[in-house]
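Presented below is the structure to which this report refers.
The values are calculated or read from the model by the stated rules, or taken from the named source; none is laboratory data. Bear in mind the structure is a predicted one, so any value in this text is a computation, not a measurement. Positions of Cβ are generated from backbone atoms using ideal geometry, with glycine treated the same way; all protein chains shown enter the neighbour counts. The accessibility values were calculated without ligands, DNA or RNA, using every heavy atom of the protein model including side chains. Shrake-Rupley method; radii C 1.70, N 1.55, O 1.52, S 1.80 Å.
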Amino acid sequence: MKLGVVGKGGTGKTTLSALLAKSYAEQGRRVLAVDTDSNPNLAQNLGLDLGVTDEVPVLPRSLAVGLGDGTVTPAGLIAEYGVPTPSEVTILHAMRVSQAGAG
Amino acid sequence: MRSLLGAAIEEEADVTLVDMEAGIEHLSRSGGTLAYADVLLIVMEPSRKSILTGARTLALAEELGIPRTFGVGNKARLPDDAEFFATVAGEYGVPLAGIVPQDPDVIEADRLGTPLGPDKGAPVRAAVAEIVAFVDEQLVQAG
């Protein structure tokens, strides 16, 4: 199931996203939280230290919209780009905003 | 369009939550994997402007073919704002998935830049759990 959360700055979207993700994780579901912000705060809201947050690698666009060069598997994508958080939610930093409108 | 991210979402996660910072309109142009959600939640504040923005996002989501879109009334000072959300969202045709109360614990965590502690924000957590149950119900109904 893919759940999108959208809202203008200041609405509390990121706080709410983190709480929703945690709520699913508490039910024992495998949760992937995808932050599409170039200034990612979601990881921090999921309990990741700021230092680690800054090191979360950005998923290359070729894997977000295509199949890459065929050497990476779906599980490999999560292993390589997903970062586990203390709240059991795996975070993926998908895209810089500067890339978001491209293509 | 198939993408490795799409496959990872299908195979490696039960729930994928996409924090759509750039907005659905931007994400739809970027290949779609992240734009096309099964359920879209629009977070709104208790103001007419915010709910109107929500209504516009809802229309865009429908254009993009997102099958289920709901508003969430956040930062609600109860009980007045619950009624405000219900009334104004109704006026603009935004169905609500839930109302989340304003909570001093959340405001404090925001100020400190820390996650909400496990013993904090019980009313907010309860409201979020209700939204999770509501979303599950929508998906069950959809089959």
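Of note:
- Protein heavy-atom accessible area occluded, A/B pair - total, 1.4 Å probe, Å²: 5300 Å²
- Ranked by the mean number of other Cβ atoms within 10 Å of their residues, highest first, the peptides B:2-8, A:24-30, A:45-51, B:38-44 fall in the order B:38-44, B:2-8, A:45-51, A:24-30.
- Using the 1.4 Å probe convention, the accessible area of chain A works out to 41 Å² per residue with neighbouring protein chains retained.
- Carbon-plus-sulfur accessible fraction, chain A (probe radius 1.4 Å, protein heavy atoms only): 51%.
- Whole-percent carbon and sulfur share, accessible surface of chain B, 1.4 Å: 52 percent
- Averaged over peptide A:71-80, the number of partner chain Cβ atoms lying within 10 Å of each residue's Cβ comes to 4.
- Within the range B:1-128: Cβ-based charge dipole about Cα centre, in debye rounded to nearest 20 (Lys, Arg +1; Asp, Glu -1): 320 debye
- When nucleic acids and ligands are ignored and a 1.4 Å probe is applied, A:S87 ends up with an accessible area of around 20 Å².
- Number of partner chain Cβ atoms within 10 Å, mean per residue of B:33-45: 6
- Between 0 and 90°, nearest 10: helix B:48-64 axis offset from chain B longest Cα axis: 20 degrees
- Full-extension gain in nm, B:A142 to B:R48, via 0.36 nm per residue minus C-alpha separation: 30.8 nm
- When the residues B:D19, B:D14 are ordered by accessible surface, computed with a 1.4 Å probe over the protein chains alone, the sequence from largest down reads B:D14, B:D19.
- When the range B:38-142 is reduced to its Cα atoms, the Kirkwood hydrodynamic radius in Å: 14.4 Å
- Average other protein chain Cβ within 10 Å of Cβ, residues A:18-30: 6
- Positive-end extreme of charge dipole, the protein assembly as shown - chosen from A:Y81, A:V56, B:I42 (charges on Cβ): B:I42
- Sorted largest first by accessible area at a 1.4 angstrom probe radius, with every protein chain in place, the residues B:H26, A:H93 fall in the order B:H26, A:H93.
- Convex hull per residue volume in Å³, alpha carbons only, for the protein assembly as shown: 119 Å³
- With one equal scatterer per alpha carbon and no solvent term, the Debye-computed log10 I(q)/I(0) for chain A at 0.11, 0.16 1/Å reads -0.33, -0.71.
- Distant-in-sequence amide contacts of B:V43, defined by a placed amide H-H separation under 5 Å and a gap of 5 or more residues or a different chain, comprise A:V6, A:G7, B:V72.
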